[in-house]
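**Q** Just passing along the structure, written as structure tokens.
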Amino acid sequence: MDSTITKAQQLVEKIINNVEKVMVGKRVAIELAVIALISQGHLLIEDAPGVGKTMLARSLAKSINCSFKRIQFTPDMLPGDITGVSIYNQKIGDFEFRPGPITAQVVLADEINRGTPKVQSALLEAMEERQITVDGITHKMPSPFQVLATQNPIEYEGTFPLPEAQLDRFLLRINIGYPSPSEEIAILERQQYIHPIEQIGHVVDASDVLTLQETVRKIYVDDSVKQYMVSLVDATRHHPAIYLGSSPRGSLALSRTTQARALLQGRDFVLPDDVKALAESALAHRSLLSSTGQSQGKDGRAFIAEILETVPVPGAIPD
């Protein structure tokens with residue numbers, strides 16, 4: 001098992017280091033994106049325009065040698081623009097399926113909250129069931145398959161906020177954030193002649209990603225750590241600032257992503273520190289704030305941080 005973990009960790013490091021050639025100073029965001037990928041989950045990137053959301057998706061797809069499609073969501077889109085359509089072919093005398101961009105291995109759903117609820121729901125089946133149904137015929141998604149969706153948290157005009165059911169389908173929600181002044185200078189220098197995205201190649205193949213996904217499932221999670229995860233999720237259901245706490249998908253998300261983080265750090269077992277590191281990204285978007293919580297001017301991450309301070313950590317010595 002040790003040699004398997006070491007080899008898997010090396011593969012993950014290759015992916016992260018390759019993406020870092022494009023994304024300057026954003027290792028934490030890159031690690032979370034890779035954690036979502038090897039956990040077989042989807043990623044919601046919520047941040048201001050221009051911080052590198054598209055570049056993160058493109059460089060990740062290139063690094064793992066997977067097909068990539070970008071869907072720019074607009075209010076006038078139709079579900080068929082995503083899933084594809086069946087068109088009558090006169091040559092063969094039958095309908096022929098023309099697949100949409102959702103059938104790529106890595107899909108960037110750009111500004112997803114600009115699409116109407118009907119269009120947003122077209123993603124649900126693909127994200128959860130890993131298949132789409134067009135004219136009564138089911139089409140399987142490729143493997144690996146990951147949706148990276150972006151939304152601007154500031155701009156609300158002309159947008160349709162994602163419903164809780166759709167938010168719940170995203171394994172993690174992350175922010176990229178602005179670069180520091182020194183990092184921004186490095187970005188200017190790197191892009192003076194050619195964009196770094198044009199120069200990177202793949203460092204692993206899709207088959208390696210599937211192997212990593214299988215290895216993640218074998219990482220050991222102790223019963224005490226499972227209890228800690230469930231206690232955190234349960235606390236979201238009783239916090240006064242949270243109207244609707246996390247669903248059991250929150251516990252599942254914590255379990256799988258902590259396994260991936262353990263692998264990333266070269267361990268074959270999960271620590272409570274893995275849970276603490278991923279709790280905000282896994283649970284905040286699954287916790288709907290009450291009017292009390294909204295009036296405090298904080299987002300869900302702040303209340304998850306409060307919960308982390310109050311729920312006892314297994315193995316910790318009480319003060």
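No lab work stands behind these numbers, since they all come straight from the coordinates. Worth saying up front: this structure is predicted, and the values here are computed from it rather than measured. Positions of Cβ are generated from backbone atoms using ideal geometry, with glycine treated the same way; all protein chains shown enter the neighbour counts.
**Q** Among the trypsin sites (Lys or Arg not before Pro) in the range 75-177, which ones are in a DSSP loop with at most 15 other Cβ atoms within 10 Å of the Cβ? Mind listing them?
**A** Of the trypsin sites (Lys or Arg not before Pro), the ones in loops of the range 75-177 whose Cβ has at most 15 other Cβ atoms within 10 Å are K91, R130.
**Q** What's the longest bit of the chain with no exposed chymotrypsin sites (Phe, Trp or Tyr not before Pro), using DSSP loop states and at most 10 other Cβ atoms within 10 Å as the test?
**A** 1-155
**Q** Using only the Cα atoms, what convex hull volume per residue in Å³ does the range 49-184 have?
**A** Working: hull volume 18.1 nm³, N = 136.
Dividing the Cα hull volume of the range 49-184 by its residue count gives 133 Å³.
**Q** Go through K226/K276; K7/K62; K218/K276; K62/K218; K118/K140 and tell me which ones have a Cα-Cα distance over 24 Å in this structure.
**A** On the way: K226/K276 13 Å; K7/K62 21 Å; K218/K276 21 Å; K62/K218 27 Å; K118/K140 21 Å.
Listed pairs above 24 Å: K62/K218.
**Q** Over the range 219-313, what number does the Rg to Rh ratio reach, with both radii from the alpha-carbon atoms and Rh per Kirkwood? Working shown, then result.
**A** Working: Rg = 13.2 Å, Rh = 13.3 Å.
On the Cα set of the range 219-313, Rg over Rh gives 1.00.
**Q** Rounded to the nearest 500 deg cm²/dmol, what is the calculated helix-only ellipticity per residue at 222 nm for the chain, with -39500 (n - 2.57) per DSSP H run of length n ≥ 4?
**A** After summing the helix terms and dividing by residue count, I get -13500 deg cm²/dmol.
**Q** Return the percentage of antiparallel bridges among DSSP beta bridges fully within the chain, rounded to the nearest 5 %.
**A** On the way: 12 of 30 bridges.
That works out to approximately 40 percent antiparallel.
**Q** Further question on the same structure: Once the convex hull of the C-alpha atoms of the chain is built, how many Å³ does it hold per residue, rounded to a whole number? All intermediate terms of the calculation are to be shown ahead of the outcome.
**A** Values: hull volume 54.1 nm³, N = 319.
In the chain, the Cα hull volume divided by residue count equals 170 Å³.
**Q** May I have the pair-distance distribution P(r) for the range 167-247, computed from all Cα-Cα distances with 5 Å bins from 0 and rounded to whole percent?
**A** Using 5 Å bins, I get a P(r) of 3, 9, 8, 12, 14, 13, 13, 12, 11, 5, 1 for the range 167-247.
**Q** While we're looking at this one, here's another question. Report, ordered by chain and residue number, the aspartates and glutamates lying within cross-link reach of K298, taken as a straight Cα distance under 17 Å and ignoring same-chain residues fewer than 8 apart.
**A** The reachable aspartates and glutamates, counting only those whose Cα sits under 17 Å from K298, are E46, D47, E280, E306, E309.
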